[in-house]
Amino acid sequence: DGNNNAYEYNVADFTDANSNWYSVTIPSNDGCIVGSGTAQNASGVSALSGYKASTNLAGFDIYCSSTGQTVPVTVIFPGYYPNAIAKYYNSTSNQYQTIPGVQYSTVTVNGVQKTEITYSLTDGGALDEDGTANGVIVDPVALYTPNTVVTASSIASPDTGVALASSQSNPLIVISISLSSIIIAFSLRRYIKS
């Protein structure tokens with residue numbers, strides 16, 4: 001927004017051990033402030049089965065004047081992670097949870113494309129690590145990529161009934177050549193008869 005984030009109570013910028021920047025923003029008119037954030041190495045916590053960590057855990061506190069308040073939050077991660085899924089991590093129970101209603105988008109910061117997520121947090125709710133409606137929301141979140149990512153090249157081609165040559169020719173080329181041969185043979189047959 002053109003303002004220095006260090007002077008905005010609704011924004012927190014912080015780095016991980018590799019100097020990668022994270023940013024957390026909440027609305028400026030909801031009676032809450034963002035405390036300082038930290039980025040904990042995701043490999044230092046319990047592994048998430050079937051996934052690999054794309055980012056470190058972005059942990060931050062939100063302080064609200066009302067208990068039980070719901071706050072929309074936007075987190076900008078240090079890079080672009082197109083296949084990643086946002087997961088909340090509770091260090092008390094060592095459990096992960098998929099964040100409900102999360103919206104994914106991209107944003108360009110200083111010429112670098114980054115993944116941005118937006119979701120809602122409720123004081124004392126499922127994504128509040130202390131689990132108590134006490135005016136403080138504690139929320140560590142990270143992006144994780146499934147170990148098996150479906151891409152266009154990994155999807156099997158449909159069985160068209162046309163066998164490919166050993167050189168893996170394109171089926172359309174094989175069909176085109178076959179049709180051309182039939183047309184030429186038919187034309188020659190008519191020419192010879194006449």
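Sorted from greatest to least, the principal axis extents spanned by the alpha carbons of the stretch 1-129 come out as 39, 37, 26 Å. Taking a Cβ cut-off of under 15 Å around Asp139, the surrounding Lys, Arg, Asp and Glu residues balance to a net charge of -4, with basic ones at +1 and acidic ones at -1. Using a probe of 1.4 angstrom and keeping all protein chains present, the accessible surface of the stretch 85-145 works out to 44 square angstrom per residue.
Report the FRET efficiency, 1/(1 + (r/R0)^6), for Asn134 and Asn29, where r is their Cβ-Cβ distance and R0 is 25 Å, rounded to 0.05.
Computed FRET efficiency for Asn134 and Asn29: 0.70.
Mean sequence separation of contacting Cα pairs (under 8 Å, at least six apart), scaled by the length of the stretch 12-161, corresponds to a relative contact order of 26 percent. With r as the distance between the Cβ atoms of Ala126 and Lys52 and R0 = 30 Å, compute the FRET efficiency 1/(1 + (r/R0)^6) and round to 0.05. For R0 = 30 Å, the calculated efficiency reads 0.80. At full extension, Thr70 and Asp13 could sit 18.4 nm farther apart than now, given 0.36 nm per residue minus the alpha carbon distance.
Shown for the stretch 1-139: the carbon plus sulfur share of the solvent-accessible area, taken with all protein chains present and a 1.4 angstrom probe, equals 46%. Mean separation of Cα pairs under 8 Å and 6 or more residues apart, divided by the residue count, gives the stretch 29-89 a relative contact order of 38 percent.
The values are calculated or read from the model by the stated rules, or taken from the named source; none is laboratory data. On a predicted model such as this, the values are computed, not experimentally measured, just so you know. As a convention, Cβ positions derive from the backbone with ideal geometry for all residues, glycine included, and neighbour counts pool all protein chains shown. Just the protein is used for accessible areas: all its heavy atoms, side chains included, with ligands, DNA and RNA removed. Shrake-Rupley method; radii C 1.70, N 1.55, O 1.52, S 1.80 Å.
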